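Enquirer: Sharing a structure, written as structure tokens. Questions coming.
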């Protein structure tokens, strides 16, 4: 099987061509570094993405705090995660790095705040 | 100007975005004690707080940070170094004598600076600048404005969206809108190639099955109060719409991601010479403009692809401003730098013959296995090969003192195969 993809590992964006049989990679071309190889393998069998979005905040200087998954999560669970996060509402203040959801979908990945929100004065 | 409170200061940094922050930090570390950052908004970090996606900082921190996380690292450093800044403050005018007039919540001030760093960033091109025909309904946004509304203010901009322009913000907003429940019907790009980073084609468009229509444009906007539809059309080789091939897309929102313009009104008014290609100042290797003691860096100098390069450039500007203020002797024989065939621009625009330095270059067309040559008149001084070049990816090339010592001019050209 051949699969074409663009590596998302860095801004270079190598155009990868992956040759695989079943669960085994036979060859990757187009990558300029090791990240491309690892990405190609993941992308064929277990694609993952970091999700970044926002969560509602009460009483803050902004109505939203930006959040991210601490590590990439399975690509096919992104919309499920969005639906879950849409229901979350937290109180200001929020500190950057603060855990918003622990161990989302039992993936050992947490959702953390990516900015500081101070209380509205 | 008698209403202004006068103050002497060594360095004024105009703009508190990524460029201004890095420039101020760098200048302070190089020994400038008396400096101030002037910021128009009520926060530091510029555009970064609304860029909630990740991928920032890969070059400098080797980890994919989100925009607000990247900004916070520099804001923390500004605070640790005790660098002063004023928010909600508008620079009204700067003069060649390096007076900076500002209106701030504390009143009107005039700073007499020894050096100024221009770090005002850029603004988005709008509908008016590309003259899209049609009605003038609500629902036409620039991508950055939509990003601000959605990511900072919790305001959703629409349900059925067409995006014109495949710059990075356009593609990132296509994904963001999809995640927030909107249907993005197409990303429409005039050129035969995208204008953003390739990885964004994958993770923002392909991942969400959003159609990318290359060599297409929006030829009309329809709707009375709100956008009701847009007409799109393929374009020919000269980028002119092909008659009879138009198609209507029903939508309530049109997002524009059609380029960024360095915001140089202040620079222009104080006599800083600008490049007609980049829209930014003409600078030397120290990022000093045509007005001595005024430096420029970040997106107000040249629009960058990634913030890491903004930071690196700004650090150089901060260092140069510090050397200027602290009186390090400079200037030797100058070499004029030009863009030849296939090259959109080369920066800096003039360089000295006695130091190693780095050039930023953008090509005009995408290509594979491309060689870029550097000529002094007819003489080929240096060539560099690239597996892939793309207008959306700035190229950095190092020149050594051995290569520049004996030459008078330097012209970069894409070599014919």
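Enquirer: If I ask for residues that are under 15 Å from residue B:175 (Cβ atoms) and out of contact with any helix residue (DSSP H, G or I) (no Cβ under 7 Å at 6 or more places or on another chain), which ones from the range A:49-68 would you list? Step through it out loud before you land on a result.
Expert: Step one: of the range A:49-68, the residues under 15 Å from residue B:175 (Cβ atoms) are A:49-54, A:66, A:68.
A:50, A:52, A:68, listed by residue number.
Enquirer: Which ones in the range A:41-51 are more than 10 Å from chain B (Cβ to nearest Cβ) and under 16 Å from the mean Cα position of the chain (by Cα)? Outline the logic, then answer.
Expert: The first filter runs over the range A:41-51 and keeps only residues more than 10 Å from chain B (Cβ to nearest Cβ), leaving A:41-42, A:44-46, A:48.
Within the range A:41-51, A:42, A:46, A:48 meet the criteria.
Enquirer: Of the residues A:80, A:38, which single one is more than 23 Å from residue A:18 (Cβ to Cβ), more than 9 Å from every other protein chain (Cβ to nearest Cβ) and surrounded by fewer than 16 Cβ atoms within 10 Å (Cβ to Cβ)?
Expert: Values: A:38 fails: more than 23 Å from residue A:18 (Cβ to Cβ).
Result of the check over A:80, A:38: A:80.
Enquirer: For the range B:1-56, list the strands (runs of 3 or more DSSP E) that sit wholly inside it and hold at least 1 residues that are modelled with pLDDT of 95 or more and closer than 20 Å to residue B:91 by Cα; which are they? Even if it seems obvious, please write down each step before you answer.
Expert: On the way: elements: B:5-14, B:35-38, B:54-56.
In the range B:1-56, B:5-14, B:35-38 are the strands (runs of 3 or more DSSP E) which contain 1 or more residues that are modelled with pLDDT of 95 or more and closer than 20 Å to residue B:91 by Cα.
Enquirer: Taking residue B:63, is it touching a helix residue (DSSP H, G or I) at 6+ places or on another chain (Cβ under 6 Å) and at pLDDT below 95? Full working, then the answer.
Expert: On the way: touching a helix residue (DSSP H, G or I) at 6+ places or on another chain (Cβ under 6 Å): no; at pLDDT below 95: yes.
Against the criterion (touching a helix residue (DSSP H, G or I) at 6+ places or on another chain (Cβ under 6 Å) and at pLDDT below 95), residue B:63 does not qualify.
Enquirer: Hey, can you tell me all the residues within the range A:1-14 that are within 7 Å of chain B (Cβ to nearest Cβ) and either more than 15 Å from residue B:388 (Cβ to Cβ) or free of Cβ contacts under 8 Å to residues at least 24 places away in the same chain (or both)?
Expert: A:5, A:6, A:8, A:11, A:13
Enquirer: Same structure again: Working carefully through the options A:29, A:54, find the one that is more than 7 Å from chain B (Cβ to nearest Cβ) and in contact with a strand residue (DSSP E or B) (Cβ under 6 Å, 6 or more places away or on another chain).
Expert: A:29
Enquirer: In contact with a helix residue (DSSP H, G or I) (Cβ under 9 Å, 6 or more places away or on another chain), closer than 21 Å to residue B:113 by Cβ and in contact (Cβ under 8 Å) with a residue 24 or more places away in the chain: is that true of residue B:17 in this structure?
Expert: Working: in contact with a helix residue (DSSP H, G or I) (Cβ under 9 Å, 6 or more places away or on another chain): yes; closer than 21 Å to residue B:113 by Cβ: yes; in contact (Cβ under 8 Å) with a residue 24 or more places away in the chain: yes.
Spelling it out, residue B:17 is indeed in contact with a helix residue (DSSP H, G or I) (Cβ under 9 Å, 6 or more places away or on another chain), closer than 21 Å to residue B:113 by Cβ and in contact (Cβ under 8 Å) with a residue 24 or more places away in the chain.
Enquirer: Tell me, which strands (runs of 3 or more DSSP E) lie completely within the range B:330-383 with 1 or more residues that are touching a residue at least 60 places away in the same chain (Cβ under 8 Å) and surrounded by 14 or more Cβ atoms within 10 Å (Cβ to Cβ)? Give the steps one after another, and end with the answer.
Expert: On the way: elements: B:334-339, B:343-347, B:350-352, B:357-363, B:367-376.
Passing ranges, in order: B:334-339, B:343-347, B:350-352, B:357-363.
Enquirer: Something else about it: I'm trying to understand the selection: among the residues of the range A:59-77, which are farther than 22 Å from residue A:8 by Cα, surrounded by fewer than 19 Cβ atoms within 10 Å (Cβ to Cβ) and either more than 12 Å from chain B (Cβ to nearest Cβ) or without any contact (Cβ under 8 Å) to a residue 24 or more places away in the chain (or both)? Break it down stepwise before answering.
Expert: Kept after step one, since they are farther than 22 Å from residue A:8 by Cα, are these residues of the range A:59-77: A:59-65.
Within this subset, residues satisfying the condition of being surrounded by fewer than 19 Cβ atoms within 10 Å (Cβ to Cβ) are A:59, A:61, A:63.
Scanning the range A:59-77 gives A:59, A:63.
The values are calculated or read from the model by the stated rules, or taken from the named source; none is laboratory data. None of the values given here were measured: they were computed from a predicted structure. Cβ: placed from backbone, ideal geometry, glycine included. Neighbour counts: every protein chain shown.
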